[in-house]
Amino acid sequence: MENFFEKSLMGILNENTKLFLNMQNVGMGEVIMDIYVARQPIFDSDYNVVAYELLYRDGDMNLFKGNIADNVATSIVLMNSYLNFGIYSLVGDARVFINFDGHLIKSGIPELLNKDKVVIEILESVEPDHKLLGKMKRLKELGYTLAIDDYTADYGYEEVTNLCDIVKVDFIQCSREEIESVVERLKESNKLILAEKVETKEEFQWAKSLGFDYYQGFYFSKPSIEKRKALWGSALQYVRLMNELNSPEPDYEALSDIILMDVSLTYKLLKLVNSNTRLQYEIKSIKQALAMLGVKKFSRWLSLAMVRNICKQETDEVVRYAMIRSNLLKEIGINSDLKDSVDELALLGTLSILDAILEMDMEKVVDSLPVSNEIKDTLLGKKTIYSDAMEICFAYERGIFTEAINSALNINYKIELLSTHYLSSVTWADRMFEELKNSH
C-alpha cells in the first residue's frame with residue numbers, strides 16, 4: 001500500500017517527469033548553479049501593479065521552451081521562488097499567480113502556500129475529474145483564490161469555470177466577437193476577468209471599455225528574469241529522508257541529523273519556514289524548524305525538492321568544510337559549557353559557508369533566514385555565546401592555536417581534545433562523501 005509520501009511524490013512525478021529525470025545525470029554532492037524565475041506584472045485599469053505571474057525559465061532567454069512537463073516547470077518555479085529567492089523578495093506584498101496542472105493540485109501542493117499570497121492558476125489543458133474538482137472545492141473552502149488560464153470561448157469545462165474566482169481571457173486565441181460574448185457571460189456570473197496577452201494600447205483601451213478588471217501582456221511589460229546562485233542537494237540525502245519520513249513514527253532527531261549533513265537542505269528548510277509564515281521566528285535548531293513546519297508539510301515540500309534536483313552535480317570542497325565544521329562544533333559543545341547548545345552549534349557549522357557558496361554577503365544571507373539573533377550575530381562575526389566555539393574552529397583551520405587556546409578557556413573546553421575532535425570530524429565527513437559516491 002502506498003504511504004503518504006509515495007502518493008505525494010507520484011502525484012508530481014508523472015510519466016513525463018520520470019522520463020525527464022531519467023535523462024539527467026544526477027550526481028552525488030552539492031553544486032552551485034544559476035537558477036531563474038520570470039515574473040510578469042498584472043495591472044488594474046489605472047496601471048497599478050496588483051500581482052505578478054511567476055513563470056518557469058531555465059536560462060537568460062526570456063521564453064519557455066516547452067522541454068519539460070508542466071508539473072515539473074511549476075515545481076521548479078515553486079522551489080526557486082520560495083526556497084532560493086524568497087517569495088517576498090521577488091514580489092514584495094503583491095500577490096502571485098502560479099500555474100498548476102492536475103497532478104500538483106491532486107497532490108495537495110497548493111495547500112502548502114499562503115492563501116492570501118498566491119492565486120492558484122489552473123492550466124487550460126487540465127481535464128477535470130471527480131478528484132480534481134474535490135481538491136478545487138477544498139481549496140475554495142480553505143479560502144484560496146482560483147483562476148483559470150488562457151480561457152477561450154470554446155473552453156469546455158464549466159464546472160472548473162464555476163469554481164474559479166478569476167478568468168484570464170486569451171486575447172490572442174479569441175476573436176473580438178468571442179471576447180465580447182465571453183465577457184458578457186462571465187460578468188453575469190460575477191467573475192473577475194483578466195485580459196491576458198494584451199499587446200497594444202488599442203487593445204488595452206478596448207478591454208477597459210468592456211469592463212475587464214485586470215490586464216497582463218507585452219503592452220505593459222515583458223516578463224523580467226530574476227537570476228541567482230542556488231544550491232542543489234545530494235540524491236542520497238533525499239533517499240535517507242524518504243526512508244525516515246516513511247517510518248511509522250518519524251524521528252525528528254534522525255531527520256535533523258540527515259538535513260544537517262546537506263547544506264542545501266538546511267538552507268531550504270529555513271527559507272521554507274520563513275516563507276510559510278513570514279513571522280520572524282528565532283529558530284535555534286533544525287529540529288525546531290521541523291517541528292514548526294510539521295512532518296506532513298515537509299514531506300510534500302521534499303517531493304518538490306526532488307523534482308528540482310535534476311541536474312548534474314559535483315562535490316564542492318567548501319561543502320565538505322561545512323560538514324566538518326558542523327560535526328566539530330557539535331563535539332566542542334558536548335565537551336564544554338555549551339553542551340546545552342549542541343544543536344545550535346551544529347546548525348552554525350552548516351550555515352557558516354553559505355556566503356561563499358551563494359556568492360552573497362553573509363548579512364544578506366542571514367537576513368532572509370528565521371534563525372535566532374544569536375546565530376545571525378555569530379555568523380556575522382559578532383561576540384555571542386557561540387562565538388568562542390566558532391573561534392576555536394576557525395583558529396584550528398587557520399593554524400592559529402593561541403586563539404583557540406584563549407577561546408577554549410572561556411568555555412571550559414579542553415584544548416588537548418581539539419586535534420582528536422577535528423580528525424574525527426574529517427573522518428566522518430570523508431565517510432559521508434564516500435557513501436554519497438557509492439550511492440550514485
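Bear in mind these aren't lab numbers, they're just calculated from the coordinates by the rules spelled out. Just so it is clear, the model here is predicted, and its values are computed rather than measured. Note that each Cβ is placed from the backbone with ideal geometry, even for glycine, and that neighbours are counted across all protein chains shown.
Here are the numbers:
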read-out: Phi to ³J(HN,Hα) by Karplus 6.51 cos²θ - 1.76 cosθ + 1.60 over region 42-56, Hz, x for Gly, Pro; value: 10, 10, 9, 5, 9, 6, 7, 6, 10, 6, 10, 9, 9, 10, 6
read-out: Computed FRET value (nearest 0.05) for Ile405 with Lys339, which takes r as the C-beta separation and R₀ as 22 Å; value: 0.65
read-out: For peptides 260-267, 193-200, 327-334, 164-171, sequence by mean Cβ density within 10 Å, most packed first; value: 260-267, 327-334, 164-171, 193-200
read-out: Label-point separation in nm, Ser45 to Asp93, each point 7 Å along Cα→Cβ; value: 2.4 nm
read-out: Label point distance in nm, Ser175-Lys296, each placed 7 Å from Cα along Cα→Cβ; value: 5.1 nm
read-out: Amide H partners (placed H, <5 Å) of Ile283, local residues excluded; value: Val371, Ser372
read-out: Gain upon complete extension [Arg431, Ser419; 0.36 nm per residue less C-alpha separation]; value: 2.5 nm
read-out: Residues with amide H under 5 Å from that of Val37, placed H, sequence gap 5 or more; value: Glu226
read-out: Ranked list, fewest to most other Cβ atoms within 10 Å of each Cβ, for Ile392, Ile283; value: Ile283, Ile392
read-out: Ordering of 155-161, 145-151 by packing [mean C-beta count within 10 Å, highest first]; value: 145-151, 155-161
read-out: Amide H within-cut-off set for Val50, under 5 Å, with H built and near neighbours excluded; value: Ile42, Phe43, Asp44
read-out: From phi via Karplus (6.51, -1.76, 1.60), per-residue ³J(HN,Hα) for region 178-195 in Hz, x at Gly/Pro; value: 5, 5, 4, 5, 5, 4, 4, 5, 5, 5, 5, 8, 6, 8, 7, 10, 10, 7
read-out: Contour excess over end-to-end distance, with Cα ends at Glu202 and Glu127 and 0.36 nm allotted per residue; value: 23.6 nm
read-out: Highest-first arrangement of 416-427, 113-124, 98-109, 372-383, where packing means the average Cβ count within 10 Å; value: 98-109, 113-124, 372-383, 416-427
read-out: Order of Tyr56, Tyr88 - criterion: other Cβ atoms within 10 Å of each residue's Cβ, fewest first; value: Tyr88, Tyr56
read-out: Two-site label geometry, Lys115 and Leu210: point separation in nm, points 7 Å out along Cα→Cβ; value: 3.2 nm
